[in-house]
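Step one of this worksheet: look at the structure below.
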Amino acid sequence: MNFTSLEFLFFFCLVFLVYWNLPDRWKKFFLILSSGFFYAFASWKFLFHLIVVVSINWFFIRFFLNKKWFLPVSIGFNVLNLAFFKYFYFFADLLGIFLGIPEFQNKISLDGILSKSLEWAGFEVVLPLTISYYTFQLISLLVDKKKGLIQEDLGFLKIASYIFLFPVMIAGPILRYSDVSTQFDSPKMEKEDMVDGLWLVVVGLFKKSVVTALMSGSIFQVFAETSSFSGQALLSTIYFFAIYLYLDFSGLTDLARGMGKLLGFTLPQNFKAPFFFNGFGDFWRRWHLTFSFWIRDYLYIPLGGSRSGTLRTCFNYLVAFGLGGLWHGANLNYLTWGALTGLYLSAERAFKDWNIKLIPEIPYVKRTITYLFVLHIYIVSWILFFTPDFSSAVAAVHRILVWAPGVNFPNMEPCIFAFFVALFFHCVEEWPERFKVDLRWKTILLPIVWILVLLALPTGNADFFYGQF
């Protein structure tokens, strides 16, 4: 059920009306049931699987929290659950390469072999909806409870209410239990909360269903056949893909936060003007904040963080972001992207620690050169996101570097419009106090903006790019 679909609109309106007419003590139960229905809309089998996963995590916390092996075993269960569904064919491919069995390297062939061996017609490992996100949330819950950061007793319903929160089920933001735990008991919504929630929803719709929909006809045409387009067209595509990715993902986050607001929840911010960065590290303090902070708190710091010298810090970056790359998908492209990100952060840290200066300290010059370098390094690495395999990504980069001839970039006007939209929202995120609007004016303008956005909505419901992760 896509957030921008008519079915979801009816679903949310019904949930909203019933939810706010229930006593506080019943709201949590109703929200769990509503979220379960939302999840079952994709597959009731996925829902059953998620209930089993939540139950096992509750069982670990309830009976084995004080055991020395609690964290490695409970985290191991969640990692294995994710690994089986998300990396089954990836590991089978590696095994096929290692053992020289070509049938293991082909999904259709492998499914046929397993169907025959298991006597299970049509065997296929299907990725459960949102498994990457709820796995991160469960791991943070286990770690925080073991560390004593969560003092309250965690019954099954408390864990279920934290995991079964449908506004964040599609693609985050990645919650910590402390983000929402106190908001379940007595949710409240004032007039300002409703206005802010509706503004977040309409902004999310504008970003995703209007602006990125206009862009998609141009950039996805290039994605489909990168070998046919010129180096200039490919370079333009990666610029505009960066804008597309920001608008798509921040639009999804706005929708989630807006719906959360309308249900009485304040959900964490996920973007803060990411392209106003001043370095590699600063970019990750602005982009997909809940993912970045999760990587920092539950991978980077447990590995040792920056406590053991520069070289160990660089190693920790490589491991943490290499695993973060694999979290996005089980293929060489995502692993390479994660390793490159760790490498960039490592190099920046090493240069700082060893006081290596490659650019002279001239006002504006150093900042400009650094910005352009970091920007291009990052957006070129995002080629790995939209090419089907590693060799295609290398070929696309090569075509840019040699400025290869080919087809020109199609229909640039919507993408230029998207650039100015992204620039505006960056300014709002960077300087929110300057763009603060009085509640009275927000209330007056809200229906006008909603009408304009609804009139601009195209037909059809495009999926969110980050929903695939």
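Annotation for the stretch 344-412: trypsin sites (Lys or Arg not before Pro) lying in DSSP loop with at most 11 further Cβ atoms inside 10 Å of their Cβ are Lys357. With 0.36 nm allotted per residue and the present C-alpha distance subtracted, the Met194-Val125 stretch has 20.7 nm of extension available. Distance between the 7 Å Cα→Cβ label points at Ile377 and Ser392: 2.7 nm. With contributions of -39500 (n - 2.57) from each DSSP H run of at least four residues, the per-residue ellipticity at 222 nm computed over the chain stands at -21500 deg cm²/dmol.
Here the chain is assigned +1 on the Cβ of each Lys and Arg and -1 on the Cβ of each Asp and Glu. Its dipole about the Cα centre then comes out at about 1140 debye.
For the stretch 191-225, the residues whose amide N sits under 16 Å from a probe point set 7 Å from the Cα of Val407 along the beta carbon direction are 216-225.
When a/c reaches 1.5 or more, the comparison of a/b and b/c decides; with that in mind, is the stretch 6-187 rounded, prolate or oblate per its Cα gyration tensor? Oblate, since a/c reaches 1.5 and b/c is not below a/b.
Scaling against 2.2 N^0.38 Å puts the C-alpha radius of gyration of the chain at 1.02. Would you mind pulling out the separation of the Cα centroids of the stretch 407-444 and the stretch 350-406, in Å? If we compute the Cα centre of each part, the gap is 25 Å. Pairs exceeding 23 Å between alpha-carbon atoms, taken from Lys27/Lys146; Lys67/Lys147; Lys45/Lys67; Lys191/Lys436; Lys191/Lys442; Lys208/Lys442: Lys27/Lys146; Lys45/Lys67. Placing a pseudo-label 7 Å from each Cα along the Cα-to-Cβ vector at Leu14 and Val449 gives an inter-label distance of 2.9 nm. The GluC sites (Glu not before Pro) of the stretch 354-438 that meet both conditions, a loop assignment by DSSP and at most 12 other Cβ atoms within 10 Å of the site Cβ, are Glu361. Shape class for the stretch 316-392, computed from the alpha carbon gyration tensor (a ≥ b ≥ c): oblate, with a/c not under 1.5 and a/b at or below b/c. Taking a point 7 Å from the Cα of Ser43 along the Cα-to-Cβ direction, the residues of the stretch 1-35 with backbone N closer than 20 Å to it are 1-3, 35. Remark: spin-label model distance Phe220-Ser109 equals 3.2 nm, labels positioned 7 Å along the Cα→Cβ axis. With a/c under 1.5 counting as rounded, go ahead and sort the stretch 192-456 into rounded, prolate or oblate using the C-alpha gyration tensor (a ≥ b ≥ c being the square roots of the eigenvalues; past the cut-off, prolate if a/b is larger than b/c, else oblate). Oblate is the answer for the stretch 192-456, as a/c is 1.5 or above yet b/c matches or exceeds a/b. Which lysines have a Cα lying under 26 Å from the Cα of Lys366, excluding residues fewer than 8 positions away in the same chain? Partners within reach: Lys272, Lys352, Lys357.
The simple Förster model, with R0 at 35 Å and r as the Cβ-Cβ distance, assigns Leu6 and Leu311 a FRET efficiency of 0.05. Sparse packing (at most 12 other Cβ atoms within 10 Å of the Cβ) combined with a DSSP loop state is found for the following GluC sites (Glu not before Pro) in the stretch 52-132: Glu119.
Residues Asp438, Asp196, Asp248, sorted by accessible area with the largest first, give Asp438, Asp196, Asp248 [1.4 Å probe; ligands and nucleic acids excluded].
Across the stretch 192-456, Cα pairs under 8 Å and at least six residues apart give a relative contact order of 31 percent.
The values are calculated or read from the model by the stated rules, or taken from the named source; none is laboratory data. Everything numeric in this text was worked out from a predicted model, so none of it was measured. FYI the Cβ positions are ideal-geometry reconstructions off the backbone, even for glycines, and counts take in every protein chain you see. These accessible areas exclude ligands, DNA and RNA; they are computed on the full protein's heavy atoms, side chains included. Shrake-Rupley method; radii C 1.70, N 1.55, O 1.52, S 1.80 Å.
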